[in-house]
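Enquirer: Got a structure for you, questions after.
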Amino acid sequence: MYTIGQVAQFLGVSRDTLKFYEEKELVKPKQNIENGYRKYNRFDIYDITTVNFYREMDIEIKKIQDLRKSKSIEGIKSILEEKERDVLEEIEYKQLLLKKLQIVKEDCEKIKQFLGKYTVKEMKPLEIKGEIEHFTAYDEYETLKENTDNLKKAVTLTSLRRVIRFNDEGILEDKFIIVRKVEDFHKEIEGEILSHPKCMYTVIEDGRWSTGGKNIDHNVEASLRKAAIENGYEPLGLVYINLLLTTYEDGLERVFLEMYVPIK
């Protein structure tokens, strides 16, 4: 027979954990009526190690209680298969999260390298999944959630692209499309594919910290036109804008946008 202290020590659990197991009737050590001390036998040890095993797999206490009452081998297998599905889904989400973290790191490098500078770059293929009136059209965000790559269906703006059409006289059209990066052409593609092998590319800064809240569309348009002329490029009258990163300075947002301007 063992004391609670001895069991806690050689199983590597706290006394509070053992008391919690007892409270939930997952283990039932004998108790000395005179002094209240608990004594654990080898069967209690089996119970504790079994509970620890299920807890390590993050199986809920209620299900462990059900297992303790009565469960066939098939019943145990069913619970484990259910937990396996949960773990696989969480792994898939974590892999997606890791990918997004790596993308944001790459975006930070883009900002350092291209902010205020112009270069020629390919705009990789994008599948159009939908369209919303404006990024502030919150009632349309359900469409954005349905078409996101995020397993937890959080609303983010990373799948949005602002599309501006312009000519020599100014802006003709301004809209927002929901897109998905096309990385595998073997997968079924339902929407239209956007792809431009040659674009004038730059990163600009927006947000109240740098602009005071002013609309800078016309300034950006003029800068793009000037850069195109200086470099001998002929724009096709389109600009695709992607939100790279938002940060804060003195409590005001700094928004970094990457711009693809298709050229002939």
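Enquirer: What ranking of LYS77, LYS264 emerges when the number of other C-beta atoms within 10 Å of each C-beta is taken as an exposure proxy, fewest first?
Expert: LYS264, LYS77
Enquirer: I would also like to ask the following. If each DSSP helix of 4+ residues adds -39,500 (n - 2.57) and the sum is divided by the residues in the chain, what number results at 222 nm, nearest 500 deg cm²/dmol? Present the calculation step by step, with values, prior to reporting the outcome.
Expert: Working: 8 runs with 108 residues, N = 264.
Result for the chain: -13000 deg cm²/dmol, rounded to the nearest 500.
Enquirer: In the structure shown, do any of LYS24/LYS83; LYS24/LYS71; LYS19/LYS94; LYS110/LYS264; LYS110/LYS175 have a Cα-Cα gap over 27 Å, and if so which?
Expert: Violating the 27 Å limit, Cα to Cα: LYS19/LYS94.
Enquirer: For the chain, what's the relative contact order in percent, using C-alpha pairs closer than 8 Å and at least 6 residues apart?
Expert: Details: 353 pairs, mean separation 43.8, N = 264.
The normalised contact order for the chain reaches 17 percent.
Enquirer: Distance between Cα centroids, the range 215-264 to the range 50-119: provide it in whole Å.
Expert: Spelled out, the Cα-based centre of one part sits 38 Å from the other.
Enquirer: What is the sum of charges around TYR46, taking Lys and Arg as +1, Asp and Glu as -1, for the other residues whose C-beta is under 13 Å from the C-beta of TYR46?
Expert: Taking every Cβ under 13 Å from that of TYR46, the sum is +1.
Enquirer: Just flag the trypsin sites (Lys or Arg not before Pro) in the range 88-131 sitting in loop per DSSP whose Cβ has no more than 16 other Cβ atoms within 10 Å.
Expert: LYS117
Enquirer: Among (1) 19.9, 68; (2) 17.5, 54; (3) 29.5, 96, only one was calculated for this model; which label is it, if the read-out is Rg and Dmax of the Cα atoms in Å?
Expert: The value matching this structure is (3).
Enquirer: Gaussian network model of the chain, Cα springs within a sub-10 Å range: biggest mean-square fluctuation belongs to which of GLN31, GLN102, GLN65?
Expert: GLN31
Enquirer: Work out the FRET efficiency for ARG55 and GLN95 from their Cβ-Cβ distance, taking R0 = 25 Å, and round it to the nearest 0.05.
Expert: According to the calculation, E is roughly 0.50.
Computed from the coordinates by the stated procedures, all read-outs in this text should not be read as laboratory data. It should be emphasised that the depicted structure is a prediction, and the values quoted were computed from it without experimental measurement. Heads up, the Cβs are rebuilt from the backbone with ideal geometry, glycines too, and the neighbour counts pull from every protein chain shown.
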